[in-house]
Amino acid sequence: FNDYDFVKLNKARNFFLKELGIHCKSILHSLLEKHLPPEKFAPTSEQMQTRELRKAALRILAESDPSMAHQLVITYKNAKDFDTAFSTFNICSNIDSPLKNAVIGDFYEKWKNDKAVFNFWLSAQSSGQTCTTTDLKRLMNTPGYDPNNPNHVRAVLRAFTSNLGQFHDAKGEGYAFIVDQILTISKSNAYLAHGLASYAFIDYDQLPSSQKALMAKELKRLLNPIVPPETRNFVKQMLKEGT
């Protein structure tokens, strides 16, 4: 039982949070009603605890109650500070509702010129529970995204490889997409390409046989001469250890 079945683990996580939200719904709503957002932001321990409590309650409720999408949009619009706006946007990035698009779009328009926040905007979505390779392509075509900016690349691609339930999808689409990107990046930034490859595929030997076969198929494509030598050596070692 040494396999890392990330797909099953992700399903178990989602099931647990959904059940938690269902069984504790009234308690969570009571906490939100009791601990209202502060009228004015202050960097105090008390306010921080309130914000973290509300953030956790909203996230759990969002996992179990589709109707929460409407409340999240209202919470975002009424946010009086960046921390609340960002945390609500982050939760919205994880829900499966078209209502989230308004929040994502508004947050982008407000913060697209702030380099640090733009990176968070990218990574929050690539880390989302519903993120697909189609979403990654959309993010990489967003005005302001620079494929030659390592921070932008990491915010989308590396964040996605940490999105274990989506990266390790049962069809291997996540593996194929990341390998495609590594092959492209190898032409201009060998260091970035190797860092992405070594981070994304480090768990190869621990995967269930079905996932390992899908990853091996894509890893073999990285034996291409355009790929940095250290990356090819890493892949060879991975494939050798996985036999």
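Nothing in this text is a laboratory measurement; each read-out follows from the coordinates by a stated rule. Bear in mind that the values here come from a model prediction, so they are computed numbers and not experimental data. FYI the Cβ positions are ideal-geometry reconstructions off the backbone, even for glycines, and counts take in every protein chain you see.
Each other residue within a Cβ distance under 10 Å of G165 adds +1 if Lys or Arg and -1 if Asp or Glu, for a net charge of +2. Give me the lysines in straight-line cross-link reach of K34: C-alpha distance below 17 Å, same-chain residues under 8 apart excluded. Candidates past the 8-residue exclusion: K25, K55.
Within the stretch 193-218, which residues have the backbone N less than 16 Å from the label spot 7 Å out from Q237 along Cα→beta-carbon, could you tell me? Inside the label zone: 194-206.
Straight-distance candidates among the lysines for linking to K212, with alpha-carbon spacing under 22 Å and chain neighbours fewer than 8 residues away dropped: K8, K11, K171, K220, K236, K240. Only helical runs count toward this figure. For the chain, summing -39,500 (n - 2.57) over DSSP H runs of n ≥ 4 and dividing by all residues gives -19500 deg cm²/dmol at 222 nm. Does a label point 7 Å from the Cα of T132, set along Cα-to-beta-carbon, have any residues of the stretch 91-105 with amide nitrogen under 14 Å, and which are they? Zone members listed by number: 96-98. If you plug the beta carbon distance of F41 and E230 into 1/(1 + (r/R0)^6) with R0 = 51 Å, you get a FRET efficiency near 0.65. Can you name the helices of the chain, as whole DSSP H runs, whose Cα span along the helix axis is 24 Å or more and whose Kyte-Doolittle mean is not below -1.0? Membrane-span-like by this criterion, though nothing is claimed about a membrane: 6-23, 45-64. Here the extension length gained between I74 and E173 equals 32.1 nm, from 0.36 nm per residue of separation less the Cα-Cα distance. Taken as Cα centroids, the stretch 40-111 and the stretch 134-202 sit 26 Å apart, rounded to the nearest whole angstrom. Each of Y191 and A116 was given a label point 7 Å from its Cα along the Cα-to-Cβ line. The distance between the two points is 2.2 nm.
Sorting 41-47, 122-128 by average packing, meaning the other beta carbons within 10 Å per residue, from highest down gives 122-128, 41-47. Sorting the segments 148-160, 74-86 by their mean number of nearby beta carbons within 10 angstrom, highest to lowest, gives 148-160, 74-86. For G144, the shell of other residues with beta-carbons less than 15 Å away shows a net charge of +1, using +1 for Lys and Arg and -1 for Asp and Glu.
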